[in-house]
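Notes to accompany the following structure.
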Amino acid sequence: MKSTTGALVGLCATGPLLLALPILGIGAGTASASCSIGGAQSVDTSAVAKQVKAILDGGDKGSVSVPGLNAPADQVPNAKTIQATGVAMNIPARGQVVALATALQESGLRNLTYGDRDSLGLFQQRPSMGWGTASEILDPVHASTKFYEGLRKVSGWQSLSVTQAAQAVQKSGFPEAYAKWEPLATALQKAIEPLLQKDGAPSPNPSPSGSADAGAPSPDSAGDCSADGDGTGFGTIPAGALPDEYKIPASAPPKVQTAIRWALGQLGTSYQWGGSCTDAHSNNPMGRCDCSSLMQQAYKAAGVSLTRTTYTQVTDGKAISVDVPVSTRTRSSWRRALPATCAASATSGPVTWRYASRRRPTWRRRAR
């Protein structure tokens, strides 16, 4: 653990036993805005299209040669558009790989005018399923934008495998089919990345009204709440799950904001003792969360590594008192407890995670 990383202590109750659970806070960091906890909002596709054009027009015109493509003259331009759209939307490299692997499986990276039933385009999206009109789906920028929007809505997609993330968006009848394309998609992403213009304009993230705000801060300036900047990629928080007045503290270090927002995206999912918390919203019990895996995966989304169990997490980082008043903490030594104390029995059951508030926010399991 880096010396700049501190630890904050929450509690995870297993039956009658209370265990101190280290919840990492990141020092020497500030955020200029609080992380959004609203639901997923649509992106202005016209704003994305303008940025994609700028990225492609201003980029290096060098060629891309990647073994494994059977029609590079058609495939490489489509791959560049998919990747440039990801750049415009502040989707990280791994998300771009997911999109490329998906397009390789669905269309062979070709903008097909046909498909199963009414499926069309690079991602074989269907007008009848709400992906857009036929002409919109055949626009590679629109198709890519809609794919990335779908990816953002997948809670914790950054922690999923490429094929799991792709399947969560596509809902294919062949859920494992994307895995074989990961190596080629990764090679493509790496080959294309240095050729793209690094656009300096703000990402077309949605404003609270759902329309693009040209002056909206980029994810970095907005606290780096998530890969897409507004937290929506970490899942929708169920209505009524949080007090109306609750906001993630704007003064929290960016990585702490990210961990909090990721954890809030798991509200309403089932508790599973021993679960990995890598697929909390699925029907796979062992993909659901227990106390320590919830903490581990929340901080993984923020780029901070934790060990797996409560017994080892208590030694991660440096412990400080949760009773230190926030007002006395300086920005350079800011430490803030993740508003999530886990209270859960040692065995799984028909329960869900919920948000509870006493003196400070906590997490509890709720019987269903």
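Could you run the Karplus curve 6.51 cos²θ - 1.76 cosθ + 1.60 with θ = phi - 60° over the range 121-131 and give me ³J(HN,Hα) per residue in whole Hz, x for Gly and Pro?
Values, residue by residue: x, 4, 9, 6, 7, 10, x, 5, 9, x, 7 Hz.
Given a cut-off of under 8 Å on Cα pairs at least six residues apart, what relative contact order in percent is computed for the range 38-142? Before the final figure, lay out the partial values.
Numbers: 108 pairs, mean separation 23.8, N = 105.
Worked out over the range 38-142, it gives 23 percent.
Could you rank the peptides 261-268, 110-117, 96-103 by their average count of other C-beta atoms within 10 Å per residue, with the highest value first? Intermediate results must be reported in sequence, preceding the final value.
Numbers: 261-268: 25.1, 110-117: 12.8, 96-103: 28.9.
Packing proxy ranking, top to bottom: 96-103, 261-268, 110-117.
What's the center-to-center distance, using Cα atoms, between the range 121-141 and the range 54-107 in Å?
18 Å
Every number here is computed from the coordinates shown, using simple stated rules; none is lab data. Here the structure is a predicted model, which is why all the values come from computation and not from measurement. Heads up, the Cβs are rebuilt from the backbone with ideal geometry, glycines too, and the neighbour counts pull from every protein chain shown.
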